[in-house]
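The values are calculated or read from the model by the stated rules, or taken from the named source; none is laboratory data. Note that the structure is a prediction, hence the values are computed from the model and not measured. Virtual Cβ from ideal backbone geometry, glycine too; neighbours counted across all protein chains shown. All accessible areas refer to the heavy atoms of the entire protein, side chains included, with ligands and DNA or RNA removed. Shrake-Rupley method; radii C 1.70, N 1.55, O 1.52, S 1.80 Å.
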Amino acid sequence: MQLTSEQHEILQASGNLKINAVAGSGKTSTLIEYARTRPKGSRLLYLAFNKTVKEEAKRRFAQHGIANIRVETAHSLAYKSIVLNHGYQVNGKGYNIHEIVNLLGLKNSGEKHAEYILANHINKFIAYFCNSAKTKVSELDYLQVVSDPEAKAFVASNYSLLEKQTRKLLKLMNDGAIGITHDFYLKKYQLSQPELPYDYLLFDEGQDASAAMLEVFLKQNGVKVIVGDTHQQIYGWRYAINSLEKTDFDGYQLTTSFRFGNDIAALAQQILSWKNKIKEQPIPCLSGLGVASNSQSKAVIARTNVGLLLYAIDWVLKKKKSTTIYFEGNINSYTYADEGASLYDVLNLYNHNRKRIRDPLISQMRNMSELEEYIEKTEDIQLRTMVELVKEYDNQIPDLIKTLKEMHVSDDRKAEAEVVFSTVHRCKGMEYDEVLLANDFLTESKLDQLLTSNKQDEAYLSKLTEEINLLYVAITRTRNLLHLPVELLPAGFPDSKNIKLVFSESSVRTSVLEQNNGSKWHKREQEKEKKWSLEEKREKFEGAYLPWTDKLDQELKVMFRNGVKLKELTHHFKRSPSAIRSRIKKLELDTDEYSTI
């Protein structure tokens with residue numbers, strides 16, 4: 001393979017090293033060359049991020065004739081050592097909230113649904129402990145990872161009981177009284193202090209390592225190599241840590257991407273520069289050597305499950321049923337929460353059809369208000385997603401989901417799908433010829449607003465940093481074309497033939513996804529741009545496509561409630577009538593007067 005100067009430098013290095021590699025920079029190829037050039041007879045271990053990456057790495061190492069390397073994930077190593085050697089039974093799905101209540105015999109303390117709220121936090125506390133490097137539960141302060149004020153207040157007032165019951169559930173697993181979880185056997189593996197017989201240990205995706213596995217890795221005697229991308233850290237919510245920042249190994253960089261060209265590289269770099277608004281830090285100087293080719297795979301990527309489903313539903317409503325689609329991670333994973341509750345359970349609660357609710361937790365709720373109160377006290381993101389979807393589409397949901405499933409192809413036919421739908425987390429490590437981003441990512445103007453109006457504690461700033469990482473990861477999934485909501489374009493960024501703007505006012509109409517089979521997205525998009533160019537719109541409406549701020553929303557609410565006519569609102573906000581109507585609807589102020597032309 002043709003190596004860059006940065007890759008040559010890595011291959012010639014000795015001792016422990018960490019490699020900060022930007023998206024598409026050939027880190028796996030670099031590791032293959034690193035393994036191939038080690039001394040004859042060396043024993044090597046490659047730790048992959050997940051099973052999919054593991055299988056691909058095994059194939060590529062074998063393809064290059066490298067037989068002296070063992071490829072594993074952290075969990076596969078732990079499974080062989082702990083589960084197989086000690087005869088544990090594994091509960092692969094984990095424990096839902098209702099099961100934890102029953103296993104621990106939790107009782108209501110007087111506060112509404114207190115036993116279920118407590119069980120939710122016990123589940124998270126166990127995940128926090130199992131992913132940490134600590135040896136005892138008491139060495140952690142779970143309050144540090146709780147941010148919502150309602151949830152924080154509940155945890156603080158019940159902390160002693162929470163810690164006690166967390167230890168009790170861990171003991172039940174340790175004693176073999178109940179099945180152990182994946183997190184548990186990884187933790188037990190770390191605590192066993194294993195010694196791995198390898199001369200070189202290669203740790204991939206180091207920016208999203210668990211502290212438990214990093215502890216195992218760092219204690220080994222062999223030469224250690226950590227590879228990752230600081231700016232692709234997106235699993236902080238799973239208590240992952242950035243091992244590239246936690247080690248003092250000699251540092252190297254891979255800053256040239258072979259996936260995309262210089263325009264996408266420049267966009268990604270400018271978005272990463274937003275981090276300097278949070279904290280001054282070095283931003284890599286990205287370059288792109290990717291060569292554009294005919295577009296084959298097309299994907300829509302969203303920040304959240306709800307953002308993706310809303311986009312998919314909106315898109316499907318305007319397509320013929322003959323269209324084929326694919327959801328990364330299987331479509332069912334978007335309609336069921338990890339705890340077992342389904343979108344239909346929430347819909348039945350919304351419709352007061354409590355007899356049809358199957359999930360034990362949702363069946364405990366008398367109404368949506370109680371469910372939303374539970375969500376506030378537990379920070380349950382998946383349930384919040386479902387509530388938002390039900391409020392948006394209510395009784396249309398069954399038919400819409402049925403339509404999506406009818407259009408969905410099986411895993412082995414993914415390549416036949418016209419469009420792949422995915423969240424950022426599910427498509428990490430993947431790439432597509434064309435990518436369209438949903439409009440649910442953090443914008444620069446929103447970042448500025450949040451930094452001005454919110455408390456600047458470390459946990460909050462870390463979450464903002466991860467939001468920027470999510471946008472960076474999404475953008476860098478493309479090989480050729482990127483279709484970008486205009487709100488996400490950094491100020492002053494130059495025009496590019498490979499970056500097409502999608503305007504929020506008519507996102508579906510101008511979307512590249514509406515094209516007929518066989519037509520090229522970008523050709524049709526260019527025709528649309530002639531009719532809907534930003535310059536032409538702003539000749540008539542100066543505020544066209546500019547973000548709505550909280551201040552502008554407040555002005556609109558006040559003027560609307562005071563009976564100001566649509567024509568006057570159009571003149572005041574310097575936006576088109578359809579843009580005003582769209583915002584009124586978004587703010588749930590819509591009336592017959594404003595919904596007509």
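For this structure, a couple of remarks:
- Residues in the range 490-502 that are surrounded by 19 or more Cβ atoms within 10 Å (Cβ to Cβ) and not β-branched (Val, Ile, Thr): 3 in all.
- Residues of the range 87-108 satisfying the condition of being in contact (Cβ under 8 Å) with a residue 40 or more places away in the chain and either among the small types (Gly, Ala, Ser) or surrounded by fewer than 12 Cβ atoms within 10 Å (Cβ to Cβ) (or both): Gly87, Gln89, Gly92, Gly94
- Taken over the range 317-346, the criterion of being crowded, with 20+ Cβ neighbours inside 10 Å, of a type outside the set (D, E, K, R) and assigned to a helix (DSSP H, G or I) is satisfied by Tyr334, Leu343, Tyr344, Val346.
- Residue in the range 375-384 that is closer than 23 Å to Lys124 by Cα, open to solvent by 70 Å² or more (accessible area, probe 1.4 Å) and more than 23 Å from the chain's Cα centre (by Cα) present: no
- Taken over the range 427-441, the criterion of being surrounded by 19 or more Cβ atoms within 10 Å (Cβ to Cβ) and within 23 Å of Thr230 (Cα to Cα) is satisfied by Cys427, Lys428, Tyr432, Val435, Leu437, Phe441.
- Qualifying residue in the range 126-139 (condition: among the β-branched types (Val, Ile, Thr), at pLDDT 95 or above and open to solvent by 40 Å² or more (accessible area, probe 1.4 Å)): yes
- Those residues of the range 540-578 which are at pLDDT below 80 and within 15 Å of Phe503 (Cβ to Cβ), in sequence order: Lys540, Phe541, Gly543, Ala544, Tyr545, Leu546, Pro547, Trp548, Ser578
- Here Val83 clears all of (1) under 29 Å from Gly176 (Cβ atoms); (2) β-branched (Val, Ile, Thr); (3) open to solvent by less than 40 Å² (accessible area, probe 1.4 Å); (4) within 29 Å of the chain's Cα centre (by Cα) except the condition numbered (4).
- Restricting attention to the range 66-86, the residues that are without any contact (Cβ under 8 Å) to a residue 12 or more places away in the chain and under 30 Å from Pro39 (Cβ atoms) total 2.
- Considering the range 443-463, the residues that are among the hydrophobic types (A, V, I, L, M, F, W, C) and open to solvent by 10 Å² or more (accessible area, probe 1.4 Å) include one that is nearest to Asp553 (Cα to Cα), namely Leu450.
- Checking His352 against (1) part of a helix (DSSP H, G or I); (2) farther than 27 Å from Arg238 by Cβ; (3) not charged (D, E, K, R), the condition it does not meet: (1)
- Of residues in the range 34-51 being part of a helix (DSSP H, G or I) and open to solvent by less than 20 Å² (accessible area, probe 1.4 Å), the one farthest from Ser5 (Cα to Cα): Ala35
- Among the residues of the range 14-30, none qualifies, meaning not one is open to solvent by 60 Å² or more (accessible area, probe 1.4 Å) and farther than 17 Å from Leu201 by Cβ.
- Taking the listed residues Glu444, Glu392, Glu416, Glu458, the one that is touching a Pro at 6+ places or on another chain (Cβ under 8 Å) and of a type outside the set (Lys, Arg) is Glu444, with no other qualifying.
- Set side by side, the residues Ser29, Ser42, Ser25 differ, and just one is of a type in the set (S, T, N, Q) and more than 28 Å from Cys427 (Cβ to Cβ), which is Ser42.
- Filtered by the rule that a residue be open to solvent by 10 Å² or more (accessible area, probe 1.4 Å) and either within 28 Å of the chain's Cα centre (by Cα) or not charged (D, E, K, R) (or both), the range 348-357 gives Asn348, Tyr350, Asn351, His352, Asn353, Ile357.
- Among (1) closer than 19 Å to Val101 by Cβ; (2) open to solvent by 10 Å² or more (accessible area, probe 1.4 Å), the one test that Leu169 misses: (2)
- Residue check for Arg524: surrounded by 14 or more Cβ atoms within 10 Å (Cβ to Cβ), at pLDDT below 90 and more than 30 Å from Leu589 (Cβ to Cβ): yes
- Helices (runs of 4 or more DSSP H) contained in the range 67-174 and holding at least 3 residues under 28 Å from Asp208 (Cα atoms): 74-78, 114-131, 149-157, 159-174
- Scanning the range 100-122 for residues that are over 14 Å from Lys377 (Cβ atoms) and at pLDDT 95 or above yields a total of 7.
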